[in-house]
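What follows is a single structure, written as structure tokens, with notes after it.
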Amino acid sequence: MFALSATAAELLAWSPPRMGATLVAGLGNTILIALGAYGMGLVIGVAGAFGKLYGGPVTKDLLAVYTTLVRAVPELVLLLLITFAAKDGINKILTSNGFDPIDFSGVVAGIVVLGVVQGAYSTEVLRGAIQSVPAGQIEAARAMGMSPGKIARRVTLPLMTSAAVPGLANLWLTVTKDTALLAVIGFIELTKATSLAAGTTKSFLTFYLAAGVLYLMLSLVSGLIFGRIEKWARRGQRTLAGGGM
Amino acid sequence: MADGLQPTTEAIRVEDLHKSFGSLEVLKGVSLTAHEGDVVAIIGGSGSGKSTMLRCINFLETPTSGRIAIAGEAVAMRPTGAPADRRQLERIRQSLGMVFQQFNLWSHRTVLENLIEVPVQVMKCPRGEAMDRARKLLARVGLAEKEAAYPAFLSGGQQQRAAIARALCMEPKAMLFDEPTSALDPELVGEVLAVIRDLAAEGRTMILVTHEMKFAREVASHVIYLHNGRVEEEGPPDALFGDPKSERLKQFLRSVS
């Protein structure tokens, strides 16, 4: 047991039984889940956006149902639904057919749930970005004999990136914080690690402040990275600040 | 039209082209033949269908019916008018350099990258070769110093000259111009027309939709006057501008002069 008088520095020290390493491991899990969910969301989002704009009527309807439902239901409800209900259902089907049940670890459930949610929001962000691409530039590509796939890769995707980056940066910050929901199903990401450490030591202020600082650092570093990406994506554009070439 | 004594090769043929947008019929059966080296100017008032006719040649607009052949090869069409063979159409489009009213350069690529994009990415031309060709073309249109610039930092006239160079960089069989000077400030029109005049002089096959009547008269070998989706009158420029037969063309020429 820790003495209540232990200083914050002692409590946050790296080596066990101090809790610094626990927090950083939690942060690692948070980043892992966030990256996985964000990546999955982007893949769903790109496909979903192109599907919503250029797909057939059935594709468009299915995607509309997906984005509407997922954005309407709280992430927490979806998380509990997938972790417990879907897990039971899928494993019942698997075992009754003679397969081994799947282990829905916190990582898999977390990435899948948050990825599906991210995908719905990404779809909308990217759909708006595609629509912001000047039609004339796509028409020029068609007129010069580019195939639809080549137009998507060489013209539409690069041109939509600059319009998409601010929205996608927001989604990244959202998903880093949504990972805290996984604390509810017992997965030890940063928030759960913090509550464990705080509960053990009874130093709530120290640990929750430390967690806050870690989340802040994550978002500051993310901001720098997205700033770089946006600058790159905006190459060739005149800016309001009058930036040169 | 080419002088009938010399055997010439047909570059573009449009036959009985119809195009409707919903219930509005914009083209009511128009035809056009351009032999190699011809410069065909299409003139007409706003809403006459001249741009639509040009855009049907490379299927940026899908015709409702009709036949289109490029260098003797008919574009395969479904009964609805839609292109039947995407690869054939893409190949044919690569042989037609299109220049738009709004330039439509790719804003995320430099001028040089704009020029080599299709030759390298689509036509599989070696990069070095495409860059050599692109630099020669940029020098020719007076933009040698601008190869590293992004389009947004060029004037309208410079952008249009770059767009013409981009179309030429595909080494097309024919050029299609869709009102190439209509979006330009008056003082920038001359520099673009000079480039087009230069292309006409070297015997390039061109179809030109334009509002510049003096220019059409000067460079065209054949002029087509469209009115309400029909060819109202056509012929050599001196006959059409000097001695118009139809009342509508007379009116039109009075209104634009």
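Couple of notes before you dig in:
- P(r) histogram, all alpha-carbon pairs of the protein assembly as shown included - 20 Å bins from 0, percent: 19, 39, 25, 14, 4, 0
- Placing unit charges on the Cβ atoms of the charged side chains and taking the dipole of region B:113-163 about its Cα centre, the candidate lying farthest along the positive direction among B:L138, B:N114, B:S155 is B:L138.
- Its relative contact order, with pairs defined as Cα atoms under 8 Å and 6+ residues apart, puts chain B at 26 percent.
- Angle of helix A:190-201 to the longest C-alpha principal axis of chain A, folded into 0 to 90 degrees and rounded to 10: 10°.
- Calculated [222 nm] ellipticity per residue, helices only, for chain B: -11000 deg cm²/dmol; basis is -39500 (n - 2.57) per DSSP H run with n ≥ 4, divided by all residues, nearest 500.
- Among the residues of A:146-159, the average count of other protein chain beta-carbon atoms within 10 Å of the residue beta-carbon is 3.
- Loop-resident sites, region B:152-257, for trypsin sites (Lys or Arg not before Pro), counting at most 14 other Cβ within 10 Å (DSSP): B:K245
- For region B:44-110 and region A:64-90, distance of Cα centres in Å: 47
- Alpha-carbon centroids, region B:171-193 and region B:200-219: separation in whole Å: 10
- For residues of A:130-142, the mean tally of beta carbons on other chains within 10 Å: 5
- Efficiency of FRET from Cβ geometry, B:T8 and B:Q251, R₀ 35 Å, rounded to 0.05: 0.55
- Rolled with a 1.4 Å probe across the full set of protein chains, the surface gives A:R235 an accessible area near 60 Å².
- Largest accessible area first, the listed residues A:D178, B:D185 line up as B:D185, A:D178 when surface is computed with a 1.4 Å probe on the assembled protein chains.
- Computed from Cα positions, the angle between helix A:157-178 and the longest principal axis of chain A comes to roughly 20 degrees.
- Two-site label geometry, B:R78 and B:S46: point separation in nm, points 7 Å out along Cα→Cβ: 3.5
- Unit charges at the beta carbon, dipole of region A:95-244: most positive-side option, A:L173, A:Y208, A:F187: A:L173
- The stretch between A:A64 and A:I225 holds 54.8 nm of extra length on full extension. This uses 0.36 nm per residue minus the Cα-Cα distance.
- Pairs of Cα atoms farther than 18 Å apart, region A:181-243, %: 57
- Rounded tilt (10° steps) of A:87-96 against the dominant C-alpha axis of chain A: 90
- Cross-linked pairs B:K50/B:K146; B:K19/B:K50; B:K214/B:K250; A:K52/B:K19: Cα-Cα separations exceed 22 Å for B:K50/B:K146; A:K52/B:K19.
- Calculated FRET efficiency for the pair B:E171/B:D243, C-beta based, R₀ 35 Å, to 0.05: 0.35
- Seen from B:A34, the other residues with C-beta closer than 13 Å to its C-beta sum to a net charge of -2, counting Lys and Arg as +1 and Asp and Glu as -1.
- Karplus (6.51, -1.76, 1.60) ³J(HN,Hα), θ = phi - 60°, over region B:10-25, in Hz, Gly and Pro reported as x: 6, 9, 9, 10, 10, 10, 6, 7, 10, 8, 10, 9, x, 8, 8, 8
- Exposure rank, largest accessible area first [B:W106, A:W172; 1.4 Å]: A:W172, B:W106
- Gyration tensor over alpha-carbon atoms, chain B, equivalent ellipsoid semi-axes in Å: 29, 22, 17
- Note on A:K192: lysines with a C-alpha under 23 Å away, same-chain residues under 8 apart excluded, are A:K87, A:K177, A:K202.
- Using a probe of 1.4 Å on the protein chains alone, the accessible area found for A:L209 is around 110 Å².
The values are calculated or read from the model by the stated rules, or taken from the named source; none is laboratory data. Being a predicted model, the structure only gives us computed values, none of them experimental. Note that each Cβ is placed from the backbone with ideal geometry, even for glycine, and that neighbours are counted across all protein chains shown. Areas reflect the complete protein model, heavy atoms only, side chains present, ligands, DNA and RNA absent. Shrake-Rupley method; radii C 1.70, N 1.55, O 1.52, S 1.80 Å.
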